[in-house]
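The values are calculated or read from the model by the stated rules, or taken from the named source; none is laboratory data. Given the structure is predicted, the values throughout are model-derived calculations rather than measurements. Positions of Cβ are backbone-derived with ideal geometry, glycine not excepted, and every protein chain shown enters the neighbour counts. Note: areas computed on protein heavy atoms with side chains; ligands, DNA, RNA excluded. Shrake-Rupley method; radii C 1.70, N 1.55, O 1.52, S 1.80 Å.
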Amino acid sequence: MQEEIRSLGFKQDEGYAQQQVGMEGRVIQRNVEILLQPADTVEHRVAVGVERVAGLFQRATANQVIVERFAVLRVLFPVMGGQAAQFYGDQTAAPLQIFQQQRYAELRRRADPFPVKTLIPHQLQRFPRGGVKLGQVEKLVQRLGDEDLEVEFLRQSIERLSTLVLVQEQEHIALVQKGAFERAVELFGETIRIGAAAGADLVLIETMSDSYEAKAAVLAAKENCDLPVLVTLIFDEKGKLLTGGTVDSTVAMLEGLRVDALGVNCGLGPKQMHPIIERLTQVSSLPIIVNPNAGLPRSENGKTVFDIAPAEFSDLMEEIAGMGVQALGGCCGTTPEHLRLTIEKCRKVPFRPPVAKRRTVVSSFSQAVEIGPKPVIIGERINPTGKSKFKAALRENNIEYILGEGMAQEDSGAHILDVNVGLPEIDEPVMMERVVTRLQSVIALPLQIDTSDTIAMERGMRLYNGKPMINSVSGKMESMEAVFPLVRKYGGVVVGLALDENGIPSTAEGRIRIAKKIYDTAEKYGIPHEDIVIDGLAMTISSDSGSALVTLETLRRIRDELHGHSILGVSNISFGLPQREIVNSNFFTMAMQSGLSCAIINPNNEAMMKSYRSYLALANLDEQCAGYIAAYGNQPAAAPAAAGGTAMPLAESIERGLRERAIDAAKEMLQTVPPL
């Protein structure tokens with residue numbers, strides 16, 4: 001086995017390595033040599049697989065792997081001390097990075113048994129230059145052979161060696177993720193407490209390439225001091241973080257966390273940053289910070305130099321100041337002269353304070369969904385209500401079933417996924433943590449955390465990598481006093497149910513009154529109007545035939561009088577009726593015409609999606625009907641009805657006086673019915 005591993009091109013690495021404590025914000029560089037006992041005397045195993053990681057196919061900087069061009073192999077080791085090692089291979093043979101995960105060994109001991117496999121050399125070793133060819137890894141996996149070893153390879157043609165191969169086991173990654181996140185918050189907090197005690201004026205969290213790490217740092221700052229918090233991120237030329245985040249998704253998360261300013265630093269020069277800055281000014285309501293490099297680096301005679309001189313840099317920064325940026329500076333390659341000239345020129349530019357954008361946005365680690373421009377689909381399938389298989393999955397801890405429901409809804413066109421895991425017989429807070437972390441590791445859609453248990457709600461919000469929807473709060477003071485502090489701390493768009501201590505009003509007027517109460521109370525907690533979405537409550541017409549009209553009026557008044565956004569659990573309207581999708585799909589269209597912003601529906605239901613797509617096309621919300629054509633352009637047309645209509649029984653034809661149909665029916669009966 002050792003020889004087979006060496007055949008992949010691994011080399012002994014006894015020299016310099018870079019040790020980075022994962023997500024802790026501390027980098028310690030030292031000579032490191034980590035020895036493991038021989039593989040045949042230590043029980044350890046590695047699950048080999050592939051993870052689709054959004055955003056990894058980006059060009060990284062400095063000592064990070066350039067995954068546009070070269071392969072990556074990631075290996076998790078359950079070794080002594082609970083270390084997780086990560087191997088990177090790039091053209092420059094970047095140093096080995098070792099991520100310390102404090103709770104890793106403990107979590108492994110608690111995990112289910114897994115077949116022992118040998119895949120670790122005697123010493124930690126480094127990828128060869130240019131990485132490893134996928135075929136070689138496949139051969140090794142075939143040689144290992146194990147029916148319990150899940151192997152999947154992500155095949156992606158980019159340039160040269162263009163395959164990403166990650167080694168990990170999904171079930172345990174979520175457990176490690178939680179421990180690493182909380183450990184990061186703890187360690188960031190330690191640093192922040194020391195700085196605050198020493199007299200710091202503010203907390204600057206900079207050069208963040210991962211939104212999850214940025215969230216950990218912000219929470220640490222908020223929980224350990226009362227200083228202003230500023231965050232700057234490092235984007236590539238496509239406007240992406242290393243882990244896939246966009247300007248829109250990171251702004252939504254950071255504004256939800258109530259940071260005081262945000263922006264961009266490092267990685268790019270002022271020219272390359274221009275489109276990123278432009279987007280920041282379009283979507284952010286906070287002061288914007290811009291600290292570019294002095295252009296792009298190059299090597300001259302073994303020395304790294306940057307390509308923009310002070311005069312040109314300051315001219316470009318003067319232009320950026322005119323875009324509405326509030327704070328300017330410099331990063332790599334800038335000198336005192338760069339900054340002196342920048343200050344001199346930018347003093348002439350009139351200061352433009354930030355403007356509130358009033359956008360309602362929820363986000364995941366890589367996607368942002370704006371509520372308002374057109375109706376948003378929220379997938380309802382991750383919910384045990386009326387679903388026996390889903391209930392069984394929760395009881396049996398069958399997370400794969402839940403992930404399958406999420407992926408199916410993503411494929412069917414959902415924009416957000418509702419996540420409700422409440423059953424009386426399970427530990428809902430623990431299950432919420434598990435499902436949220438697992439879902440966000442495989443699905444890019446934002447999540448709606450749906451629970452009446454505020455402990456489960458906070459657990460999900462804390463570990464969520466983005467700005468979630470929260471379902472829900474009501475007009476009851478007890479509910480608002482429990483939920484609004486969580487939204488204030490973690491950020492989110494919260495669903496406000498139009499009911500209170502007196503129940504559900506039977507009129508639109510009563511529901512609007514409660515909606516105003518929710519808006520007013522939220523404002524006292526510092527939660528803006530745009531972060532509230534009112535549920536007008538769809539009540540079944542089987543018990544009250546006028547309930548649909550009340551709901552539709554409520555939607556119109558939320559839009560026209562309150563200038564707010566609305567949400568409905570659409571299928572509630574037909575509870576107790578036969579052929580429910582007929583009522584549901586027609587009511588859905590009526591609700592969208594009345595201003596419905598968000599619809600909680602089953603996106604796998606074709607009748608509902610036909611209503612949605614046809615409405616968008618008819619309401620001029622689907623440019624050139626592109627979405628409609630994409631969904632139905634290749635489907636065969638329905639077969640036309642037979643000329644003259646459908647066949648009619650003989651007796652009915654005679655009763656209606658239809659002579660020709662009566663003759664046809666009689667002839668048919670002569671062929672099919674025995675004589676008297």
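Brief remarks on what is shown
- Hits in the stretch 282-300 - residues which are outside any loop (DSSP other than H, G, I, E, B) and either among the aliphatic types (A, V, I, L, M) or surrounded by fewer than 17 Cβ atoms within 10 Å (Cβ to Cβ) (or both): Gln282, Val283, Ile288, Ile289, Val290, Pro297, Arg298, Ser299, Glu300
- Single residue of the stretch 301-333 satisfying the filter (at pLDDT below 95 and among the polar types (S, T, N, Q)) that is most open to solvent (accessible area, probe 1.4 Å): Asn301
- Subset of the stretch 653-670 (residues that are outside any helix (DSSP H, G or I) and of a type outside the set (Gly, Ala, Ser)): Leu658
- Selection from the stretch 547-560 of residues that are open to solvent by less than 20 Å² (accessible area, probe 1.4 Å) and of a type outside the set (A, V, I, L, M, F, W, C): Ser547, Thr551, Thr554
- For the stretch 561-580, the candidate set comprises residues that are under 18 Å from Ala515 (Cα atoms) and free of Cβ contacts under 8 Å to residues at least 40 places away in the same chain; within that set, the residue that is surrounded by the most Cβ atoms within 10 Å (Cβ to Cβ) is Ser566.
- Of the set (1) open to solvent by less than 40 Å² (accessible area, probe 1.4 Å); (2) more than 21 Å from Arg359 (Cβ to Cβ); (3) assigned to a loop (DSSP other than H, G, I, E, B), all apply to Asp544 but (1).
- Per this entry, Gly372 is counted among residues that are at pLDDT 95 or above and at positive phi.
- Among residues of the stretch 422-438 being without any contact (Cβ under 8 Å) to a residue 40 or more places away in the chain and in a helix (DSSP H, G or I), the one that is most open to solvent (accessible area, probe 1.4 Å) is Val430.
- Residues of the stretch 185-195 classified as in contact with a helix residue (DSSP H, G or I) (Cβ under 7 Å, 6 or more places away or on another chain) and open to solvent by 30 Å² or more (accessible area, probe 1.4 Å), total: 1
- Sole residue being in contact (Cβ under 8 Å) with a residue 40 or more places away in the chain, open to solvent by 10 Å² or more (accessible area, probe 1.4 Å) and in a strand (DSSP E or B), chosen from Asn465, Asn471: Asn471
- Restricting Glu530, Glu523 to residues that are outside any strand (DSSP E or B), without any contact (Cβ under 8 Å) to a residue 12 or more places away in the chain and within 31 Å of the chain's Cα centre (by Cα) narrows the list to Glu523.
- Entirely in the stretch 318-419, the helices (runs of 4 or more DSSP H) that have 2 or more residues that are free of Cβ contacts under 8 Å to residues at least 24 places away in the same chain and under 26 Å from Asn605 (Cα atoms): 388-395, 399-412
- Of all residues making up the stretch 269-281, the number that are hydrophobic (A, V, I, L, M, F, W, C) and either open to solvent by 10 Å² or more (accessible area, probe 1.4 Å) or in contact with a Cys (Cβ under 7 Å, 6 or more places away or on another chain) (or both): 0
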